[in-house]
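Right, one structure below, let's go through it.
Coordinate-derived values only; no laboratory data. Only a predicted model underlies this, so the values are computations on that prediction, with no experimental measurement involved. Cβ: placed from backbone, ideal geometry, glycine included. Neighbour counts: every protein chain shown.
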Amino acid sequence: MSYTQTMPALYRPKPTKQRRVAYGFVIDWAAAAERGGVNFNPALCDTPQMMYVKRMMRECRLIWPNTKIRPVDFDNKILACIALAENTSQRAMHLPSQDAIDQMKHVLQTTEDPKWYKYYG
């Protein structure tokens, strides 16, 4: 082999870690404080916001049992997301029907459709 020839480079891409994402609604804490203050009971919960979120989660789980709360990264902020689906397993990747999404929008009192958000971390 002469000095002008080079050995072919072996290209091995670095293994990439799976980017986990959640499909759902980001919690608006200002609205949660306002709506949770109506039925706030200090014996059941620490803050009106958590009272509202717990009630919404209970109602959303009746519509779609896979509903969870997940931390997501949105615009370099850590936000809480009511996740309807996620890419962590085959079972969790199932999306709810449009009818179920419309029911959840009514329960959460929002007009926005759910979106895909990156997990925090």
What is the set of long-range amide H partners of VAL21 at a cut-off below 5 Å, with H atoms built 1.01 Å from backbone N? ASN87, TYR119
Based on Cβ point charges of +1 for Lys and Arg and -1 for Asp and Glu, what charge dipole magnitude is obtained for segment 21-119 about its Cα centre, in debye rounded to the nearest 20? 320 debye
Excluding ASP99 itself, what net charge comes from residues whose Cβ is under 14 Å from its Cβ, given Lys and Arg +1 and Asp and Glu -1? -1
Cα-derived Rg over Rh, computed across segment 38-121 with Rh taken as Kirkwood radius: 0.98
Sorted by average packing, counted as other Cβ atoms within 10 angstrom per residue and highest first, what order do 88-94, 99-105 take? 99-105, 88-94
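Residue separation times 0.36 nm, minus the C-alpha to C-alpha distance between ALA92 and ALA30: what's the value?
On the way: separation 62, 0.36 × 62 = 22.32 nm, distance 2.90 nm.
That pair, ALA92 and ALA30, stretches by 19.4 nm at full extension.
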